[in-house]
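Chemist: Once you've had a glance at the structure underneath, I'll fire off some questions.
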Amino acid sequence: MNIIIDTHIFLWALADPSRLTASHRRELENPVNAVYLSSVSVTELMIKASLGQLQLGFDPIDMARQSGFELLDYSAEDAAPLRALPFHHRDPFDRMLIAQSLARGYRLMSNDTKFEHYECRLVK
């Protein structure tokens, strides 16, 4: 299974795995799954760090690679579903992750209940 992880899932996996559900931990650890950190999440982390909203004491790209996550670039095709995406959620980074999961047919892992209002396939 191909899984895109939400930004908070990435941070929790690194700093506090106990915050992940048992199902999320199981899927993250399953060697059959390809788990992706999207460039959208890297962008979100860098912007929040530059604004002083987040203390980032590591390089997320290096840490993703060291942790076994694959990096996933955001493409023009990934953005296409944004046009028709309803506004159940206003966070632009989350909307981009939802669009990317829809465009690629990948599952999305998040604890954000607003994601349930979209047609994307979630890892429960």
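Chemist: Can you name the residue in the stretch 85-105 that is of a type in the set (A, V, I, L, M) and within 18 Å of Thr7 (Cα to Cα) and is also surrounded by the fewest Cβ atoms within 10 Å (Cβ to Cβ) among such residues?
Modeler: Leu102
Chemist: With within 13 Å of Ile5 (Cα to Cα) and either outside any loop (DSSP other than H, G, I, E, B) or touching a residue at least 40 places away in the same chain (Cβ under 8 Å) (or both) as the only criterion, which of Leu108, Leu82 stands out?
Modeler: Numbers: Leu82 fails: within 13 Å of Ile5 (Cα to Cα).
Going through Leu108, Leu82 in turn, the sole match is Leu108.
Chemist: Being of a type outside the set (Ser, Thr, Tyr) and crowded, with 16+ Cβ neighbours inside 10 Å is the requirement here; does Leu51 meet it?
Modeler: Values: of a type outside the set (Ser, Thr, Tyr): yes; crowded, with 16+ Cβ neighbours inside 10 Å: no.
Answer is no for this residue.
Chemist: Sticking with this one: Somewhere in the stretch 47-62, is a residue in contact (Cβ under 8 Å) with a residue 12 or more places away in the chain and of a type in the set (Ser, Thr, Tyr)?
Modeler: No, the conditions are met nowhere in the stretch 47-62.
Chemist: For Glu77, are the conditions met, namely being acidic (Asp, Glu), in contact (Cβ under 8 Å) with a residue 24 or more places away in the chain and exposed (fewer than 14 other Cβ atoms within 10 Å of the Cβ)? Working first, answer last.
Modeler: Values: acidic (Asp, Glu): yes; in contact (Cβ under 8 Å) with a residue 24 or more places away in the chain: yes; exposed (fewer than 14 other Cβ atoms within 10 Å of the Cβ): yes.
Yes.
Chemist: In addition: Spot the failing condition for Arg19; the list is (1) exposed (fewer than 12 other Cβ atoms within 10 Å of the Cβ); (2) farther than 26 Å from Ser75 by Cα; (3) not polar (S, T, N, Q), and only one is missed.
Modeler: (1)
Chemist: Filtering the stretch 15-58 down to residues that are in contact with a Phe, Trp or Tyr (Cβ under 9 Å, 6 or more places away or on another chain) and hydroxyl-bearing (Ser, Thr, Tyr), which residue is nearest to Tyr106 (Cα to Cα)?
Modeler: Tyr36
Bear in mind these aren't lab numbers, they're just calculated from the coordinates by the rules spelled out. Note that the structure is a prediction, hence the values are computed from the model and not measured. Here Cβ is always computed from backbone atoms with ideal geometry, including for glycine, and neighbour counts include all displayed protein chains.
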